[in-house]
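We did not get these values from a lab; they are worked out from the coordinates using the rules stated. Since this is a predicted model, take the numbers as computed values, not measurements. A quick note on method: Cβ atoms are made from the backbone with ideal geometry, for glycine too, and the neighbour counts reach across all protein chains shown.
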Amino acid sequence: MNKSFSLFLEQLRKFNLPEGKFAIFGSGPLGIRNIRDTHDLDLIVDESLFDEYKTMPGWELKSFNRDGRYIEMIENSGIEFYKTWGPGDWNTSQLIDNAEIIDDLPFVRLEEVKRWKEISKREKDLEDIQLIDEYFKDYPSKF
């Protein structure tokens, strides 16, 4: 795991977020497994947690359109909270409930990350899909 990702996880632990209200998504599940370096931290969070943090000092509210879907996120020093995820149709609560605990933190399951990257189809996502497939070849019991 690269140093910047370790620092993000350290900072996240300081937030002391309530269990069952968040899970690490995006490239985080790849970073924790040393599949590739990760330089930010994306979390899907419960709507109440999102609303609580968006009023705190240091958090910046941003919004954008991703494939016709309005997405809001809040960001603080490279840590991003999302209450919805896209592209694709995602049940945030289900992703959080089914998260895999690694080093005492919840990570969205790697097969869900792969599915999201297959929908996104950005160049970096296609590269990540290959890396995930290689990981599953090396660790077939993890899938």
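The residues of region 46-81 that are in a strand (DSSP E or B) and in contact with a Ser or Thr (Cβ under 8 Å, 6 or more places away or on another chain), listed by number, are Arg69, Tyr70, Ile71, Glu72, Met73. Scanning region 69-119 for residues that are in contact with a Gly (Cβ under 8 Å, 6 or more places away or on another chain) and farther than 16 Å from Ala23 by Cβ turns up Arg69, Ile71, Asn76, Ser77, Ile119. Does Glu111 satisfy being assigned to a strand (DSSP E or B) and within 14 Å of the chain's Cα centre (by Cα)? Here the answer is no, as Glu111 does not meet what is asked.
Just so you know, in region 113-143 the residues that are crowded, with 16+ Cβ neighbours inside 10 Å and free of Cβ contacts under 8 Å to residues at least 60 places away in the same chain include one that is farthest from Pro87 (Cα to Cα), and it is Ile129.
Of all residues in region 82-96, those satisfying the criterion of being part of a helix (DSSP H, G or I) and of a type in the set (Ser, Thr, Tyr) are Thr92, Ser93. The listed residues are Gly26, Gly68, and the only one of them that is among the small types (Gly, Ala, Ser), loosely packed, with under 11 Cβ neighbours inside 10 Å and at positive phi turns out to be Gly68. For the structure I just gave you, tell me whether Gly68 is touching a residue at least 60 places away in the same chain (Cβ under 8 Å), more than 24 Å from Ser4 (Cα to Cα) and either out of contact with any Asp or Glu (no Cβ under 6 Å at 6 or more places or on another chain) or among the small types (Gly, Ala, Ser) (or both). In short, no.
Consider Tyr53 carefully, then state whether it is under 26 Å from Leu131 (Cβ atoms), touching a Phe, Trp or Tyr at 6+ places or on another chain (Cβ under 8 Å) and among the aromatic types (Phe, Trp, Tyr). Spelling it out, it is not the case that Tyr53 is under 26 Å from Leu131 (Cβ atoms), touching a Phe, Trp or Tyr at 6+ places or on another chain (Cβ under 8 Å) and among the aromatic types (Phe, Trp, Tyr).
Filtered by the rule that a residue be surrounded by 14 or more Cβ atoms within 10 Å (Cβ to Cβ) and assigned to a loop (DSSP other than H, G, I, E, B), region 99-108 gives Ala99, Val108. Which of the residues spanning region 14-45 are of a type outside the set (Gly, Ala, Ser), out of contact with any strand residue (DSSP E or B) (no Cβ under 6 Å at 6 or more places or on another chain) and assigned to a helix (DSSP H, G or I)? Lys14, Phe15, Leu30, listed by residue number.
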